[in-house]
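Reading through the structure tokens given below for one structure.
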Amino acid sequence: VQLQASGGGLVPAGGSLRLSCTAAGRSLSNFDMGWFRQAPGKEREFVAAVSWSGGTTDYAEFAKGRFTISRDNTEGMGYLQMSSLKPGDTATYSCAARAPRFGSYYITSTYEYWGQGTLVTVSS
């Protein structure tokens with residue numbers, strides 16, 4: 001499964017962006033999906049995840065109240081709506097997918113498929 005994230009760009013602090021994730025040649029509807037980010041010089045970190053059905057979501061503390069993960073299984077796509085963006089949110093955001101499993105959404109190694117990221121830059 002080849003994933004592709006899109007929707008990044010340059011946004012002023014306080015602004016919003018919506019990232020999208022799609023799978024080439026295959027629907028994401030049967031996979032748990034997560035978003036991770038990596039800032040320059042830092043480790044990759046968990047942002048948010050949603051179960052394959054959309055019934056369960058999980059967020060990193062910094063994302064709660066500002067970011068919303070969602071999915072459209074009819075279109076086979078996933079989304080990350082980000083608002084109240086801060087300069088500290090500047091990073092490359094990547095989506096990932098895994099076969100459905102219970103919990104551990106924040107653990108990078110549970111994801112089998114990764115895509116190229118999209119750069120989000122938040123100016124102060």
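Return the residue satisfying two criteria in turn: it lies in segment 1-55 and is acidic (Asp, Glu) and touching a strand residue (DSSP E or B) at 6+ places or on another chain (Cβ under 9 Å), and of such residues it is nearest to Gly76 (Cα to Cα).
Asp32
Of all residues in segment 1-26, which are part of a loop (DSSP other than H, G, I, E, B), of a type in the set (A, V, I, L, M) and either out of contact with any Ser or Thr (no Cβ under 6 Å at 6 or more places or on another chain) or crowded, with 16+ Cβ neighbours inside 10 Å (or both)?
Result: Val1, single match.
Strands (runs of 3 or more DSSP E) wholly in segment 47-124 with at least 3 residues that are out of contact with any Cys (no Cβ under 9 Å at 6 or more places or on another chain) and open to solvent by less than 60 Å² (accessible area, probe 1.4 Å) - which ones?
67-72, 91-98, 118-123
How many residues does segment 6-26 hold that are within 16 Å of the chain's Cα centre (by Cα) and farther than 23 Å from Gly88 by Cα?
Number satisfying all stated conditions: 2.
For Ala13, indicate whether it is modelled with pLDDT of 95 or more and over 15 Å from Gly117 (Cβ atoms).
yes
The values are calculated or read from the model by the stated rules, or taken from the named source; none is laboratory data. Nothing here was measured: the structure is a model prediction, and the numbers come from that model. Backbone-built Cβ (ideal geometry, glycine too); neighbour counts: all protein chains shown. Protein only, heavy atoms only, side chains kept; ligands, DNA and RNA dropped before computing areas. Shrake-Rupley method; radii C 1.70, N 1.55, O 1.52, S 1.80 Å.
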